[in-house]
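Engineer: The structure follows.
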Number of protein chains: 2
Amino acid sequence: SKKFTSENRAKKFGDCPICWDELGKNPLASTKCGHAFCIECIEKSLTVEKKCPTCRRVLLGKSSYHPLYLNL
Amino acid sequence: SKKFTSENRAKKFGDCPICWDELGKNPLASTKCGHAFCIECIEKSLTVEKKCPTCRRVLLGKSSYHPLYLNL
Ligand SMILES: [Zn+2]
Ligand SMILES: [Zn+2]
Ligand SMILES: [Zn+2]
Ligand SMILES: [Zn+2]
């Protein structure tokens with residue numbers, strides 16, 4: 001059976017595109033366009049530019065992202 | 001180093017609370033309250049009751065959930 005080492009896991013689930021920490025290491029958020037980041041990272045990013053760092057969709061206001069409760 | 005078998009993986013990331021398939025086996029959605037389901041499951045569920053199956057928050061309209069793009 002296939003085994004997942006912690007290195008494979010990091011590859012599989014990916015990193016936060018802002019800080020490059022493994023997704024799930026820090027509290028998560030999803031944008032309403034469905035892209036995931038550390039919540040601290042997306043909050044800081046949206047103070048600088050009101051777009052999704054992944055897909056560039058315009059993201060205005062508090063309803064444009066939310067905490068995401070996954071056990072990654 | 002710790003290994004993750006596919007069984008451990010299923011336990012770790014959990015199942016869709018509606019159909020009990022492993023989360024990520026089917027296309028995913030997140031509610032705006034941050035809870036994850038198969039997108040088909042949450043869409044069907046919201047036609048029956050306009051609440052999050054996990055936290056019971058009232059969920060009205062298309063903006064209450066969105067596709068979630070994670071490589072689970
Ligand atoms: Zn981050
Ligand atoms: Zn996006
Ligand atoms: Zn499901
Ligand atoms: Zn919920």
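Engineer: Taking the Cα atoms of the stretch B:6-68, report the difference between the largest and smallest coordinate on each principal axis, in whole Å and largest first.
Structural biologist: For the stretch B:6-68, the Cα spread along each principal axis is 36, 19, 18 Å.
Engineer: Same structure, new question: Between the label point of residue A:67 and that of the same position in each other copy, find the distances and list them shortest first in nm, with every label point placed 7 Å from Cα along the Cα-to-C-beta direction.
Structural biologist: Copy-to-copy label distances at residue A:67, shortest first: 2.7 nm.
Engineer: Let me ask you something else. Can you compute 3J(HN,Hα) from phi for each residue in the stretch A:44-54, using the Karplus curve 6.51 cos²θ - 1.76 cosθ + 1.60 with θ = phi - 60°, rounded to whole Hz and x for Gly and Pro?
Structural biologist: 5, 4, 6, 6, 8, 8, 8, 9, 5, x, 8
Bear in mind that the values in this text are calculations on the coordinates, not laboratory data. Not measured: the values here are computed from a predicted model. As a convention, Cβ positions derive from the backbone with ideal geometry for all residues, glycine included, and neighbour counts pool all protein chains shown.
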